[in-house]
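Take a look at the structure set out below.
The values are calculated or read from the model by the stated rules, or taken from the named source; none is laboratory data. Note that the structure is a prediction, hence the values are computed from the model and not measured. Heads up, the Cβs are rebuilt from the backbone with ideal geometry, glycines too, and the neighbour counts pull from every protein chain shown. Please note that ligands, DNA and RNA were not included when accessible areas were found on the heavy atoms of the full protein model with its side chains. Shrake-Rupley method; radii C 1.70, N 1.55, O 1.52, S 1.80 Å.
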Amino acid sequence: MVTRLNRSTLVSVLVVATALALVALGLSAITNAGGTAAEAAPPAADKPAAASHVMQGHKMAPAKPVAFGDDPDGDGYIPADPPVTGVEPSDEIPPHRYFHEFQANCSVNHTAPDDPIVYPGQAGASHDHTFMGNDTTNANSTTASLSAGGTKCLAPGDRSAYWMPTLYNGSEEIRPVGPQTIYYKAGVTDYRTVRPFPKGLRFVVGSPTQTAEEFRNHPGMVEGYECGESYHNYDFPAVCPTSQDTQLNLRMQAPSCWDGTYLDTPDHKAHMAYPVVTGANQDVCPPSHPVALPMIEFKMAWPVNGDMSQVRLASGTGHSFHYDFFNAWDDATLDALVDHCIVGALQCNARGYDENNPGEGAALDENYELPRS
């Protein structure tokens, strides 16, 4: 038996069929663009705010290598000239000493939405950063421009650039006050093998997009955020004790093993690595990154306490903390501090002087400069 459809019924069926086909076609296009339909269009409430890097009304541009300054071909690789070759990681055990470090005490000099490592030559492309050390650091900084600049570090020979995302309490910018402590330490057990940074080396520690768990488990993490008697916070604590002396503190260590080949790579990390722990419970550079360099440790202190509910970074939440280093030390000054304090196994201040071992003298004079011969 054949069922006949009247004209109105047939039109309705065709309309429904066409609509279903169009819906299916749209879902297919979304799926083919990268994932399932559900993945391609999550509800607005489920989209993480940090994914678009929208901070302070500023949207960061996509990061990609560009031809600029020290990277004229724009491939993201800046080769060392000359490269360091023929180095084997040391697993020897040196005479035991508790310390092998010196301090670089550098003050904040300006803030700006620039990042000469991630966005070279692109002024305003980044979230806001707080810059310490070299007072000329901006989006157009190169090894040559930093080497010719001034500094707010105690040692005039330290013209390196150090920066991190700017901290805010509500709309108020909070800057660390006075010289901040940036340690230069031995990251490997055989501290005798540590050599100075090559001029122009640069890298990024951490990531603005890291999760709280990634921040907690980062190999450079020390103890998280601290304030008063509150420790091991991996986001900003809700409250810090209100007192004149209470500040928000954070320490984070950088990788200290170098591949000897590149001063920078496209991700600003691959040329560096953290030491690995061997079976003898020693920290040794991996074979892929055999050159032991000083381990930088940021020890930052922000003058903020009380209600912390409005405290944030320009990059987002507390676990988005990261920092950048661009080496522009005077070679002779850095050589003297590394040799005297790290290789010499001392606990030095910014002069390269160990108060517990006064007989060892200092690497620098009372003006934090190399002694004149």
Residue-wise HN-Hα coupling along the stretch 274-281, computed from phi with Karplus coefficients 6.51, -1.76, 1.60 (Hz; x: Gly, Pro): 7, x, 10, 8, 8, x, 8, 6
Cα-based Rg and Dmax for the stretch 115-196, where Dmax is the largest Cα-Cα distance (Å): 15.1, 47
Residues of the stretch 328-342 with amide N under 20 Å of a point placed 7 Å along Cα→Cβ from VAL222: 338, 341-342
Long pairs among LYS185/LYS269; LYS152/LYS185; LYS64/LYS299, criterion Cα-Cα beyond 26 Å: LYS64/LYS299
Förster radius 35 Å - calculated FRET efficiency between GLU213 and ASP245, Cβ distance, rounded to 0.05: 0.65
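Which value results when the Cα radius of gyration for the stretch 125-245 is divided by 2.2 N^0.38 Å?
1.24
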Unit charges on C-beta of K, R, D, E only; dipole of the stretch 69-164, Debye: 480 debye
Global geometry of the stretch 67-145, whether rounded, prolate or oblate, following the gyration tensor of its Cα atoms and the 1.5 cut on a/c: oblate
Relative compactness, the stretch 277-318, computed as alpha-carbon Rg over 2.2 N^0.38 Å: 2.02
Label zone at PHE68, where the point sits 7 Å out along the Cα-to-Cβ direction: the stretch 101-120 residues whose backbone N lies under 20 Å: 110-120
Size of charge dipole - the stretch 156-261 - debye, nearest 20, with Cβ of Lys, Arg +1 and Asp, Glu -1, no other charges: 640 debye
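If you average the sequence gap of Cα pairs under 8 Å that are 6 or more apart and divide by the length of the stretch 211-270, what percent do you get for the contact order? Numbers along the way, then the final one.
Values: 60 pairs, mean separation 18.0, N = 60.
Worked out over the stretch 211-270, it gives 30 percent.
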For GLU369, solvent-accessible area (1.4 Å; no DNA, RNA or ligand), Å²: 80 Å²
Taking the stretch 56-131 and dividing mean pair separation by its residue count, relative contact order in percent (alpha carbons under 8 Å, at least six apart): 34 percent
FRET efficiency estimate (nearest 0.05) - Cβ-Cβ, SER171 to VAL87, R0 51 angstrom: 0.55
Spin-label zone in the stretch 184-213 - amide nitrogen under 12 Å from a point set 7 Å from the Cα of LYS299 along the C-beta vector: 184-185
